[in-house]
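Engineer: Structure incoming, see below.
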Amino acid sequence: MGGSAGSFSVLTQIIKLVPSEFSLPIVIVIHRQRNVVSEFTKILTQTFKSKKIIEPDDKEPIRESVIYVAPQNYHLLIEADRTFSLDYSEAIKFSRPSIDVTFESAARVYKNNLAAILLSGANNDGTAGLKSVVENGGTGIAQNPETAEFPAMPQSAITFVPGIKVFDPAKIADYIIAIATN
Amino acid sequence: MSNRKVDINEEELEDLLNLVNEIHGYDFTNYARASMHRRVFRFMNDAGFHNACDLKAGLLKDKAIFDFFLQRITVNVTEMFRDPEFYKVIRQKVLPVIASYPRIKIWHAGCSSGEEVFSMAILLHEAGLLQRSIIYATDINPYNIEKAKKGILPLDVMKEYVTNYLNAAGESDFASYYTAMYDHAIIRKDLRENIVFSLHNLVTDHVFNEFQLILCRNVMIYFNHELQNRVIRLFHSSLSSFGFLALGIKESLLFSDIKNKFEAVSSQEKIFKRIR
Ligand SMILES: C[S@@+](CC[C@H](N)C(=O)[O-])C[C@H]1O[C@@H](n2cnc3c(N)ncnc32)[C@H](O)[C@@H]1O
């Protein structure tokens with residue numbers, strides 16, 4: 001899941017609905033302000049004490065039932081051996097972590113076993129990423145822009161990526177719970 | 001929107017990296033693939049290569065193209081006093097220990113254009129240790145080393161580094177550490193006197209000295225697991241007993257096969273000590 005401005009409340013709403021013993025890994029990439037220490041992960045872990053929410057270290061193996069949050073100031077990539085790798089290179093579209101970077105690398109590894117979800121935001125990060133998810137056989141989902149505090153980001157994906165689904169936040173949660181139980 | 005005319009697949013990438021190794025002697029085959037893929041892809045976009053064949057041909061026939069490739073394929077992003085908290089811990093927990101050595105030897109592996117090294121020189125200077133320290137700062141990328149030797153940084157970013165410096169418990173006037181010239185800043189000469197910048201490739205080069213402190217931050221994240229293990233062994237053999245190894249804050253020794261030879265000094269800041 002990738003989010004930017006206005007995505008925090010949607011993310012928490014979705015996470016809340018996902019059961020703790022959820023059988024898939026979830027990776028969250030959220031934009032934060034540069035050089036301002038972000039409390040995002042801390043707030044999440046404090047809000048959802050029963051869930052395992054962590055910022056992965058480099059080369060950490062990806063495990064089921066864990067919610068991973070891309071650390072601030074690094075791009076988060078997924079390797080073929082299902083480990084994370086971090087990348088401290090230039091910001092892409094003013095973003096580090098970049099949603100495009102994570103989506104693209106996940107698409108290459110997970111192919112049709114991937115659902116990528118793009119939430120509220122005020123830029124167009126994630127569009128190119130969703131495109132490669134769909135091109136690699138995965139499922140692309142955008143938050144219904146009408147329910148987004150900042151519609152630009154999901155709207156951009158809807159405009160430029162054919163074949164993606166558009167869901168309200170509650171439907172997004174239903175959908176990911178359904179794929180995990182199938 | 002990106003128009004994907006450019007493309008390279010896994011096998012082509014593998015081929016290309018093998019070729020670069022054979023022809024130019026730079027072995028990137030054990031770099032973390034996801035990020036390597038992205039960088040090669042970006043290089044192709046920027047340099048106008050549409051497919052792996054063209055790129056291979058270019059790299060084969062033209063040294064200048066390879067030089068540009070090398071410059072772009074390594075990630076050179078760096079900052080002074082990046083992760084201020086890290087520098088605080090170095091001040092509090094590491095410097096007092098290495099201060100007991102008559103001659104302090106430090107190695108910055110993968111130093112990029114030197115920002116991290118200048119930060120360390122400032123810490124040593126403030127602790128009164130710089131005079132008897134020698135800092136070896138190495139990188140694979142000749143372009144970085146040339147830049148680092150000059151000690152010149154853009155003035156506007158220096159202003160941003162002030163905040164980092166203050167957050168790293170810096171108590172002096174940061175501006176006194178450089179001379180401003182037009183839109184540039186030159187790091188004071190006396191701070192640079194005990195620094196030796198040179199080329200060193202962590203993949204192929206060997207132990208060259210013994211150190212009380214080795215810093216290798218945000219370099220091994222570009223390596224795969226196997227190469228990381230090799231390089232950590234290289235560091236282990238380059239450390240004096242009870243010497244310190246400092247990694248980037250998102251790098252862990254937990255996944256290394258010799259993790260039991262180290263002990264955490266700060267697990268938060270990823271500073272370790274060799275214990276056997
Ligand atoms: C992201 S920079 C890190 C700079 C600095 N240590 C910091 O954390 O700010 C990574 C550096 O590692 C260097 N590097 C990559 N592969 C290397 C290798 N095999 N041997 C030595 N240096 C290497 C790159 O040239 C680049 O300067």
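The values are calculated or read from the model by the stated rules, or taken from the named source; none is laboratory data. Note that the coordinates shown come from a computational prediction; the quantities given were computed from them, not determined experimentally. When we count neighbours, we look across all protein chains shown, and the Cβ atoms used for this are built from the backbone with ideal geometry, even at glycine. Surface accessibility is based on the protein's heavy atoms, side chains included, excluding ligands, DNA and RNA. Shrake-Rupley method; radii C 1.70, N 1.55, O 1.52, S 1.80 Å.
Engineer: Find, among the trypsin sites (Lys or Arg not before Pro) in the stretch B:4-66, those assigned to loop by DSSP (not H, G, I, E, B) with at most 15 other beta-carbon atoms within 10 angstrom.
Structural biologist: B:R4, B:K5
Engineer: Right, another one. What longest range of chain A stays clear of loop-exposed trypsin sites (Lys or Arg not before Pro) (DSSP non-H/G/I/E/B, at most 14 other C-beta within 10 angstrom)?
Structural biologist: It works out to A:83-182.
Engineer: Placing +1 on the Cβ of each Lys and Arg and -1 on the Cβ of each Asp and Glu in chain A, which of A:V109, A:S98, A:I28 has its Cα farthest towards the positive end of the resulting dipole?
Structural biologist: In chain A, that residue is A:I28.
Engineer: Can you tell me what share of the DSSP beta bridges in the protein assembly as shown is antiparallel? A percent to the nearest 5 is fine.
Structural biologist: The antiparallel proportion sits near 35 percent.
Engineer: For the stretch B:179-251, what is the charge dipole size about the Cα centre, in debye to the nearest 20, if Lys and Arg each add +1 at the Cβ and Asp and Glu each add -1 at the Cβ?
Structural biologist: Roughly 100 debye, rounded to the nearest 20.
Engineer: If the only charges are +1 at each Lys and Arg Cβ and -1 at each Asp and Glu Cβ, what is the size of the charge dipole of the protein assembly as shown around the Cα centre, to the nearest 20 debye?
Structural biologist: Rounded to the nearest 20 debye, it is 880 debye.
Engineer: Can you list the lysines whose alpha carbon sits under 21 Å from that of A:K165, skipping same-chain ones fewer than 8 residues off?
Structural biologist: A:K111, A:K131
Engineer: Considering only protein heavy atoms and a 1.4 Å probe, what is the carbon-and-sulfur percentage of the accessible area of the protein assembly as shown?
Structural biologist: 52 percent
Engineer: Taking the Cα centre of each part, how many Å lie between the stretch A:109-168 and the stretch B:45-89?
Structural biologist: So the separation of the two Cα centres works out to 30 Å.
Engineer: Could you work out the mean count of beta carbons from other protein chains within 10 Å of each residue's beta carbon in B:76-86?
Structural biologist: 2
Engineer: Sort out the exposed loop GluC sites (Glu not before Pro) in chain A (DSSP loop, at most 13 other Cβ within 10 Å) and tell me the longest stretch that has none.
Structural biologist: By the stated rule (loop sites, at most 13 other Cβ atoms within 10 Å), A:91-182.
Engineer: List nothing, just return the count: lysine pairs in the stretch B:84-274, 8 or more apart or interchain, with Cα separation under 13 Å.
Structural biologist: Pairs that pass both the separation and distance tests number 9.
Engineer: Still on this structure, I have one more. Considering only DSSP states other than H, G, I, E and B, which trypsin sites (Lys or Arg not before Pro) in the stretch B:72-121 qualify as loop sites with at most 16 other Cβ atoms within 10 Å?
Structural biologist: B:R103
Engineer: So if I place +1 on the C-beta of Lys and Arg and -1 on the C-beta of Asp and Glu, and nothing else carries charge, what would the dipole magnitude of the stretch B:78-125 be about its Cα centre? I want it in debye, nearest 20.
Structural biologist: The dipole magnitude comes to about 300 debye.
Engineer: For the protein assembly as shown, what is the calculated [θ] at 222 nm in deg cm²/dmol (nearest 500), taking -39500 (n - 2.57) for each run of four or more DSSP H residues and dividing by its residue count?
Structural biologist: Only helices count here, giving -11000 deg cm²/dmol.
Engineer: Take the Cα pairs of the protein assembly as shown, get the Kirkwood Rh, then feed it into Stokes-Einstein at 25 °C and 0.890 mPa s and tell me D in µm²/s.
Structural biologist: Answer from the Stokes-Einstein relation: 105 µm²/s.
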